[in-house]
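Let me begin by presenting the structure, written as structure tokens, before commenting on it.
Derivation of every value follows stated rules applied to the coordinates shown; laboratory data play no part. This is a predicted model, so every value here is computed, not measured. All Cβ positions, even for glycine, are placed from backbone atoms using ideal geometry, and neighbour counts span all protein chains on display.
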Amino acid sequence: MKYTVKLYPRAYRDLDEIYSYIAVNLSEPATANKMLESLEEAIISLEQFPERGSIRRVGAYANQGYRQIFVKNYTIIYRIYKANQEVRIVTIRYAPSQL
């Protein structure tokens, strides 16, 4: 069963800001393109595997039924709506690894 993936306006803004930051502030447009491709691949994968992300237990949206996927230094936060077969991407946040 394939799910429909929808992005909230905030998630679109997040993608734009991620691209702009890497391409303009860091002067790395090729890296920005690769980063967006990686994020988009992860988002599209939710059509087939909506439950692949872990349940979000810390930070914003924690313990409210949201899930998360990590892509490099970013976290995609989303919620599954099984009744309508939808995945809704709420936001994409910068989350550097804590090494």
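In plain terms, the chain is cut at each of the trypsin sites (Lys or Arg not before Pro) found in a DSSP loop with at most 14 other Cβ atoms within 10 Å, and the longest leftover piece is 3-51.
Please compare each pair in LYS34/LYS82; LYS6/LYS82; LYS6/LYS34 to a cut-off of 24 Å on the Cα-Cα distance and tell me which ones are over it.
Working: LYS34/LYS82 31 Å; LYS6/LYS82 13 Å; LYS6/LYS34 21 Å.
Cα-Cα > 24 Å for LYS34/LYS82; rest within.
Each Lys or Arg adds one and each Asp or Glu takes one away; over the other residues whose Cβ falls under 13 Å from the Cβ of THR75, this sums to +4. By the count of neighbouring beta-carbon atoms within 10 Å, fewest first, VAL71, VAL58 end up ordered VAL58, VAL71. Its Cα centre serving as origin, the stretch 4-94 has a Cβ charge dipole (Lys and Arg +1, Asp and Glu -1) of approximately 480 debye.
With a/c under 1.5 counting as rounded, go ahead and sort the stretch 30-89 into rounded, prolate or oblate using the C-alpha gyration tensor (a ≥ b ≥ c being the square roots of the eigenvalues; past the cut-off, prolate if a/b is larger than b/c, else oblate).
Details: a/c = 2.75, a/b = 1.40, b/c = 1.96.
Cα axes put the stretch 30-89 in the oblate bin.
Taking every DSSP bridge with both residues inside the chain, close to 80 percent are antiparallel.
The loop-placed GluC sites (Glu not before Pro) in the stretch 38-96, going by DSSP, that have at most 15 neighbouring Cβ atoms within 10 Å of their Cβ come out as GLU47, GLU51.
Report the net charge of residues surrounding ILE18, where surrounding means a beta-carbon distance below 13 angstrom and charges are Lys +1, Arg +1, Asp -1, Glu -1.
Numbers: positive: ARG10, ARG13, LYS34, LYS72, ARG93; negative: ASP14, ASP16, GLU17, GLU28, GLU37, GLU40.
Its environment carries a net charge of -1.
Which net charge results for the neighbourhood of GLN64, defined as the other residues with beta-carbon distances under 12 angstrom from its beta-carbon, given Lys and Arg at +1 and Asp and Glu at -1?
So the environment of GLN64 carries a net charge of +4.
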